[in-house]
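Enquirer: Take this structure, written in structure tokens, and hold onto it; I'll ask about it next.
Here, each number is a calculation from the coordinates, and none is a lab measurement. Please read all numbers here as calculations on a predicted model, not as lab measurements. As a convention, Cβ positions derive from the backbone with ideal geometry for all residues, glycine included, and neighbour counts pool all protein chains shown.
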Amino acid sequence: MSQKIISPKVTLVGAGPGDIELITLKGIKAIEQADVILYDALVNEALLEYAPNAKKIFVGKRRGYKAYSQEEINHLIVENALNYGHVVRLKGGDSFVFGRGFEELAYVELFNIPSEIVPGISSSIAVPALANIPVTHRNLSQSFHVISATLSDGSLHPDFESLSQLNGTVVVLMGLSKLREIAQIYEKNGRGNTPFAVISNGTLPNQKTVTGTSENIFDLAVKHKIQSPAVIVIGEVVSLSNQTYQSIHFYQNFLN
Ligand SMILES: C[S@@+](CC[C@H](N)C(=O)[O-])C[C@H]1O[C@@H](n2cnc3c(N)ncnc32)[C@H](O)[C@@H]1O
């Protein structure tokens, strides 16, 4: 009987922000060729149907499931590549945007296992886009800054103090539990009218968007029962979310 030759390989694939169609063609091809898929909680599980015969391992954090440490995930990737061949490590959004993708590839490299990166569409731009918020706009914001709300010890990221002084757009990931504190920093720094948007389950059928200002956004998010995962967008571009492209065009001419 001939034995299958195992050729270990790891492909780090960004699954996109949620909508199953917001993954790259290259990502789908990698999934189709996978022997094993290790996937996270924010990955749309419908993507797994592209690999009917692959072994699937859920390694995300979800109630009722074992929570794997980063070290255990690293071991699982390597162990499965050595035993089964092509491992696809499937992560929400883009694996290099708050995704620990680089750390995982660094571990894989220690075992001389070849690896490949397939970038994904990050929620940091796609989720605002589908709430009709461009992260930059010629007249309103010439930069955007993506930040995780917390440091690894759970405390609020100290950079909000300086970000609150900027005119550029601030996009906050993992920030819902810190929304009140973030809004308070803007108020304290005299930016109480800064537009805020909170968008949950972006790109999915249950997407919900709440817009307001630093003064009322926390109360509005509570009132509308906004839940994780959510992206917070801060800055003048948020004011475009309720406008049609026609009126935005008009507005742009007006500003010129
Ligand atoms: C650990 S980070 C991973 C980000 C991911 N690598 C990316 O590029 O989108 C998880 C955070 O991304 C944001 N997020 C991801 N998918 C989202 C979605 N569909 N709707 C709203 N926020 C989302 C939330 O802020 C969530 O807490």
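Enquirer: Given the Cα-Cα distance of Lys61 and Gln142 and 0.36 nm per residue of separation, how much length would full extension add, in nm?
Expert: Between Lys61 and Gln142, full extension yields an extra 25.6 nm.
Enquirer: Which value at 222 nm does the chain reach when only helices count, each DSSP H run of 4 or more adding -39,500 (n - 2.57), with the total divided by all residues and rounded to the nearest 500 deg cm²/dmol?
Expert: That comes out to -8000 deg cm²/dmol.
Enquirer: Between Gly93, Gly212, Gly14, which gets the highest mean-square fluctuation from a Gaussian network model of the chain, Cα cutoff 10 Å?
Expert: Gly212
Enquirer: Here's a follow-up. Which ordering of Thr211, Thr150 is given by a fewest-first count of other beta-carbon atoms within 10 Å?
Expert: Taking fewest neighbouring Cβ atoms as first place, the list is Thr150, Thr211.
Enquirer: Ratio of the chain's C-alpha Rg to 2.2 N^0.38 Å, to two decimals?
Expert: My calculation over the Cα atoms of the chain gives 1.13.
Enquirer: Moving to a separate point now. Between their Cα atoms, which of Lys61/Lys225; Lys26/Lys225; Lys66/Lys208; Lys55/Lys208; Lys9/Lys225 are more than 32 Å away from each other?
Expert: Table pairs above 32 Å Cα-Cα are Lys26/Lys225; Lys55/Lys208; Lys9/Lys225.
Enquirer: Right, another one. If we count every other residue with Cβ under 11 angstrom of Lys188's Cβ, Lys/Arg +1 and Asp/Glu -1, where does the sum land?
Expert: -2
Enquirer: What residues qualify as long-range amide H neighbours of Ser148, i.e. H under 5 Å apart, gap of 5 or more or another chain, H built at 1.01 Å from N?
Expert: For Ser148, the qualifying residues are Leu173.
Enquirer: Let me ask something additional. Name the most mobile residue of Lys66, Lys56, Lys26, meaning the one with the largest mean-square fluctuation, in a Gaussian network model of the chain with Cα contacts below 10 Å.
Expert: Lys66
Enquirer: Using Cα centres only, tell me the gap between the range 110-146 and the range 176-201 in whole Å.
Expert: With the range 110-146 and the range 176-201 each reduced to a Cα centre, they are spaced 21 Å.
Enquirer: Among Gly16, Gly192, Gly202, which one moves the most in a GNM of the chain with springs linking Cα atoms closer than 10 Å?
Expert: It is Gly192.
Enquirer: What is the calculated FRET efficiency for Ser7 to Phe102, with r their C-beta to C-beta distance and R₀ = 22 Å, to the nearest 0.05?
Expert: Between Ser7 and Phe102 the formula returns 0.40.
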